[in-house]
1. Are any residues in the range 264-312 assigned to a loop (DSSP other than H, G, I, E, B), charged (D, E, K, R) and within 18 Å of VAL334 (Cβ to Cβ), and if so, which ones?
2. Hey, among SER209, SER224, SER184, which residue is in contact (Cβ under 8 Å) with a residue 60 or more places away in the chain and either closer than 24 Å to LEU145 by Cα or basic (Lys, Arg) (or both)?
3. Test ARG121 against the criterion of being closer than 20 Å to LEU304 by Cβ and among the basic types (Lys, Arg), and give yes or no.
4. Only one of ARG244, ARG228, ARG218 is in contact with a Gly (Cβ under 6 Å, 6 or more places away or on another chain) and under 24 Å from ALA322 (Cα atoms). Can you tell me which?
5. So VAL106 passes all but one of these: (1) among the hydrophobic types (A, V, I, L, M, F, W, C); (2) in contact (Cβ under 8 Å) with a residue 60 or more places away in the chain; (3) out of contact with any Pro (no Cβ under 6 Å at 6 or more places or on another chain); (4) assigned to a loop (DSSP other than H, G, I, E, B). Which condition number does it fail?
6. Can you tell me how many residues in the range 313-337 are of a type outside the set (Gly, Ala, Ser) and either part of a helix (DSSP H, G or I) or open to solvent by 20 Å² or more (accessible area, probe 1.4 Å) (or both)?
7. Anything in the range 152-177 that is open to solvent by less than 30 Å² (accessible area, probe 1.4 Å), more than 20 Å from GLY251 (Cα to Cα) and not in a helix (DSSP H, G or I)? List them, or say none.
8. Please pick out the residue among ALA234, ALA270, ALA292 that is in contact with a helix residue (DSSP H, G or I) (Cβ under 6 Å, 6 or more places away or on another chain) and surrounded by 24 or more Cβ atoms within 10 Å (Cβ to Cβ).
Amino acid sequence: MKKTLLFSLIGMAAVTGTVLTQYKPLGRKPKALESPHLVNGKFRNLLDTPMRFSSDDMISMTRDYVNVNSRRKPSEPLPVVPIDFTEKLGSSFTRVYWLGHSALLVQMDGKTMLVDPMFGRSPSPLPFAKNERFSEDLPFELDDLPDIDVVLLTHDHYDHLDYASIQAIEDRVATFIVPLGVGSHLKRWGIGAERIVERDWGDSYTFGSWTFVCTPARHFSGRSLTDRNATLWASWVVIGETDRLFFSGDGGYGPHFKEIGDAYGPFDFAALECGQYDERWPDVHMQPHETAQAFHDVRADKVLPIHWGAFTLSFHDWFDPAEQMVTLLPKDDVLTPVIGERITLDGRNDTKTWWREIEDTNKR
């Protein structure tokens, strides 16, 4: 009887494993990569980056999860400003649209780029996941998106790389520029290798008048139980004809920000991770004061806080990232648009505190 039960469990595990490997949203683990940052098939950070929780951490996180903070989600759907794609693109100035969380649409030098285009309802491969987007709608219909010259990805986590989103836009994308190994997921989803550019830290790629430089981040990767750190995570420098942009991706603070600023700065614009932080995982997500320091390190003129405003992935108040940034940095340096609102890199932006109209931040 015991043997029968054991064999049944083994059989169920084998079937489950087979099903999961065939489940497309998981992507595919890459093979035969070569990189100085790859050790025994796993990418590693430039700095030691612990990924372990103590028993006290586990107890405190369980307590925080059970004692639900009602301000982890907004009390009403977040506002959205529709994007007018009929407006002539031109090349006279750079336009940036924050699409919630870390997703961005950039129009610069007559070309269009999407950064970490996660448009799904929930950052999970499971269709029944309940961690739903804070806004009911996107600032556009996916069918209305213009042709996309470049999709730029920072890493393969579900809140940055979404299978359904890639499927919805891939027919209108010319080139996908991704960290080393991430192309394996895209190929699994039917995107031809000729449209995928993979780069390691320190590598660059020229696309027309744009230069992309893959720069370090301090994070991790993985989409399943078997592919932790099998693909690279990165930040990106994008050098255009008139503007220089920096996208931090996810990650903890480190000396790489100053090194990037010294090598490629100053930047006209930086999108820096500020959200989903916690003192219990300081090495893989920056605390707000570290985001402020990273802004100074990269020598940017303006900063857009990202990695907030879409999903609950931590225990802080949903609006805390934006509130912290307008407190820690000069108001004129911080860009806090409503989702879909246009940012121009010509000095005509106002820092708004729109989240205060939804939540009374004085009750913090």
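1. The first filter runs over the range 264-312 and keeps only residues assigned to a loop (DSSP other than H, G, I, E, B), leaving 265-266, 268, 274-287, 299, 301-302, 307, 309-312.
Checking which are charged (D, E, K, R) leaves us with 268, 278-280, 283, 299, 301-302.
Matches in the range 264-312: ASP268, ARG299, ASP301, LYS302.
2. Details: SER224 fails: either closer than 24 Å to LEU145 by Cα or basic (Lys, Arg) (or both); SER184 fails: either closer than 24 Å to LEU145 by Cα or basic (Lys, Arg) (or both).
Every option except SER209 fails the conditions.
3. Numbers: closer than 20 Å to LEU304 by Cβ: no; among the basic types (Lys, Arg): yes.
Here the answer is no, as ARG121 does not meet what is asked.
4. On the way: ARG244 fails: in contact with a Gly (Cβ under 6 Å, 6 or more places away or on another chain); ARG228 fails: under 24 Å from ALA322 (Cα atoms).
Among ARG244, ARG228, ARG218, only ARG218 is in contact with a Gly (Cβ under 6 Å, 6 or more places away or on another chain) and under 24 Å from ALA322 (Cα atoms).
5. Only one criterion is unmet by VAL106, namely (4).
6. Let us first name the residues in the range 313-337 that are of a type outside the set (Gly, Ala, Ser), namely 313, 315-321, 323-337.
This time we only want the ones that are either part of a helix (DSSP H, G or I) or open to solvent by 20 Å² or more (accessible area, probe 1.4 Å) (or both), so: 313, 315-317, 320-321, 323-328, 330-333.
Total meeting the criteria: 16.
7. Scanning the range 152-177 gives VAL173, THR175, PHE176.
8. Numbers: ALA234 fails: in contact with a helix residue (DSSP H, G or I) (Cβ under 6 Å, 6 or more places away or on another chain); ALA292 fails: surrounded by 24 or more Cβ atoms within 10 Å (Cβ to Cβ).
Among ALA234, ALA270, ALA292, only ALA270 is in contact with a helix residue (DSSP H, G or I) (Cβ under 6 Å, 6 or more places away or on another chain) and surrounded by 24 or more Cβ atoms within 10 Å (Cβ to Cβ).
The values are calculated or read from the model by the stated rules, or taken from the named source; none is laboratory data. Fair warning: this is a prediction, and the values are worked out from it, not measured in the lab. In this analysis, Cβ positions are derived from the backbone assuming ideal geometry, glycine residues included, and neighbour counts consider all displayed protein chains. Ligands, DNA and RNA are excluded from the accessible area calculation, which covers all protein heavy atoms including side chains. Shrake-Rupley method; radii C 1.70, N 1.55, O 1.52, S 1.80 Å.
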